[in-house]
Structures are given as structure tokens and as C-alpha cells.
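K.L.:
A single structure is presented below for examination.
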Amino acid sequence: MDESYQEYINRVARLTLPSVCALQLQGIQQSPKFVDGKPVSFPGYSVITPPAAEDNVNHKFYQQLETLQRQLFDGLGQNFFIPLPTTSFHFTLADLIWDESYRQVVKDNPNFDRELQQQVAASMNEYQAELDHQPISWQLWGVITRPRAIMACLVPKDQNSYQSVIKLRRALYQNAGIIGLGVEQQYDLTAHITLGYFDHIPDSLNRDRLCIVMSQINDRLVESELPEFTLKQAELRKFEDMIHYNRESDWAVVNLG
């Protein structure tokens, strides 16, 4: 389902264009993941990099993201943009299951959590055995909008960095045991780190000004050396909402690069 390296580069490179930004801003909506600025229950599982608070490799990168987030907050307004705690920042490598799908499956299968954890471990062990341990680096390309969020968009530094992530996703999504639990790939990869979510969208919202704010941020990024994110670990994490991502010590982890 995921694209080739060149297809990914071609698609994602366009996402920061002002014309694309303007089009995306026409369809933005308030996120249901927050009410009155507070996270609501939204349980599920993903395979992610360690959250920023636990990542001792990408400290400088996350400092740069924090600066971008502050620029967005100042430019967009506190009543419109809900910034995530910087300690929760992470690179989502593979979404597995979430919200109502998760609630229903655990209702139908009380052993789901343990079975999923075991199947993810099997996939990660298989992937780890074939890993060539070359460095895996992605770069910050710019900020983009999605219908309910603003994200920092990432591009691979080289083809190996892209293929390493795609192979991990395939090991997970093509595992018959995971599929049998009702987990399937929903989206192509758009590598990102979520910076915040949209709150109430006022009727008077000036979308042209917002596009200018985001385009100026992206222009400054392109004019400088693109910040690099180094992938060192991929972990299975369970989330209760869009801020807290937890794991037990015996849950699956892959050492990358």
C-alpha cells in the first residue's frame, strides 16, 4: 500500500506549497480529541519512536520543533490552536488501532491487548533479524495542515531511511496474526510529528493570514539546513488520549540504525 521512495518524495514535497496550504485550510475542523482544550479519552495502540521526554538522541531536533510550535501558537491564536505538550512529541511509524474500533474489539475479545502485544513482538523480532543497522535519518520539511491538526512533516534523508520504515510497516501490517485481530493498514505513510490540534473554528477565521503564517515558517526552514531526526528505536505504545503514550518493560521494541 505504501509508495515507492520517489513517489513519497514527490507527494510530500508538495504539501508545504502555499497553494496546497490554502486548499487544506478550507476543510479544517475542530478536533474531537479535545474538549475545552483538554484531551478526551481516545484509546489505542501505535508503534512510535520514544516520546520527546524519553528520547536522548533528538533533543536538539525537538527544541527546534518547540520553536516552530511557539511560532504557530503566536500566529494562529490561543483560542484556535491547541498545542501539544512538547514532552509528548513523537514520530508515528505505524498506527494500529484506535478509538471506537479499539473499544469494540476489546469488548468482543478480552484477550485482545495481550494477543496484539504478542503479535507485534513477533513482527518486530522478524524485522530486527533482517535489519542492516545503517543510520536512519529523516529531515524536517515543513509544517502542514490536516483536517483537524497541524503537523511537522518529515522526509527521508536517503532511500535506505525510507525503506527501513516501510519494511517495519510491512512486517506489522502483513502479519496474518495482526490481521486476524482486526488490525489493518488504513493510510499510506505521511511521516509527521503532530504539533497541535484545531479548537473551535470561528466563522471569521482569516484563512489567508493563516496560510501566510505557515508559508513564512516553511520558507525560513527551506532557507536553512533542514533539521535531522535520527531513528534509534521503535516501540509499541498504548495511548489513552493524544498526550499520554505508555508501555510496559516487556513490550516490543526494535533498536534501529
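Read-outs throughout are calculated quantities, based only on the coordinates presented, and are distinct from any laboratory measurement. Because the structure is predicted, anything quoted here is derived from the model rather than measured. All Cβ positions, glycine included, derive from the backbone under ideal geometry; neighbour counts span all protein chains shown.
K.L.:
I'd like the Karplus ³J(HN,Hα) series for the stretch 145-160: coefficients 6.51, -1.76, 1.60, θ = phi - 60°, whole numbers in Hz, and an x wherever there's a Gly or Pro.
P.N.:
After applying 6.51 cos²θ - 1.76 cosθ + 1.60, I find 9, 10, x, 10, 8, 10, 10, 8, 8, 10, 10, x, 6, 7, 5, 4 Hz.
K.L.:
Right, here's the next one. How far, in degrees from 0 to 90, does helix 112-130 lean away from the longest principal axis of the Cα atoms of the chain, to the nearest 10?
P.N.:
Its long axis makes an angle of about 90 degrees.
K.L.:
Quick one: helix 59-76 against the long Cα principal axis of the chain, what's the angle to the nearest 10°, folded into 0 to 90?
P.N.:
Helix 59-76 sits at roughly 40 degrees to that axis.
K.L.:
Right, another one. Return the long-range amide H neighbours of PHE229 (sequence gap of 5 or more, or a different chain), with a cut-off of under 5 Å between placed amide H atoms.
P.N.:
Answer set, sorted by chain and number: TRP138, GLN139, LEU140.
K.L.:
Classify the stretch 108-257 from the C-alpha gyration tensor, please: rounded if a/c falls under 1.5, else prolate or oblate depending on whether a/b exceeds b/c.
P.N.:
Here the stretch 108-257 falls in the oblate category.
K.L.:
Mind running the shape call on the stretch 26-70? Use the C-alpha gyration tensor, a ≥ b ≥ c as the square roots of the eigenvalues: rounded below 1.5 for a/c, prolate if a/b tops b/c, oblate otherwise.
P.N.:
oblate
K.L.:
Turning to a different aspect of this structure: Can you work out ³J(HN,Hα) from phi for every residue in the stretch 169-181, in order, using Karplus 6.51 cos²θ - 1.76 cosθ + 1.60 and θ = phi - 60°, giving whole Hz and x for Gly and Pro?
P.N.:
Once θ is set to phi - 60°, the couplings for the stretch 169-181 become 4, 5, 4, 7, 6, 9, 6, 4, x, 5, 4, x, 7 Hz.
K.L.:
Using the Cα centre as the reference, give the magnitude of the dipole from point charges on the C-beta atoms of the chain (Lys, Arg: +1; Asp, Glu: -1; all else neutral), rounded to the nearest 20 debye.
P.N.:
Here the size comes out at about 340 debye.
K.L.:
Just the ratio, please: alpha-carbon radius of gyration of the chain over 2.2 N^0.38 Å, N its number of residues.
P.N.:
1.00
K.L.:
What is the sum of charges, Lys and Arg at +1 and Asp and Glu at -1, for the other residues whose Cβ falls under 12 Å from the Cβ of ASP95?
P.N.:
Overall, the nearby charge balance is -1.
K.L.:
I've got another one for you. Above 18 Å lies some portion of the pair distances; for the stretch 83-151, what is it as a whole percent of all C-alpha pairs?
P.N.:
Everything past 18 Å amounts to 64 percent.
K.L.:
Are there trypsin sites (Lys or Arg not before Pro) in the stretch 165-257 that DSSP marks as loop and that have at most 14 other Cβ atoms within 10 Å, and which are they?
P.N.:
Here no trypsin sites (Lys or Arg not before Pro) fit, given the DSSP loop and packing criteria.
K.L.:
On to the next question. Which order do the peptides 148-156, 112-120 take when ranked by the mean count of other beta-carbon atoms within 10 Å per residue, highest first?
P.N.:
For the peptides 148-156, 112-120, the packing ranking is 148-156, 112-120.
K.L.:
Another question, then. For the stretch 5-241, what does the relative contact order come out to in percent, with C-alpha contacts under 8 Å and a separation of six or more?
P.N.:
38
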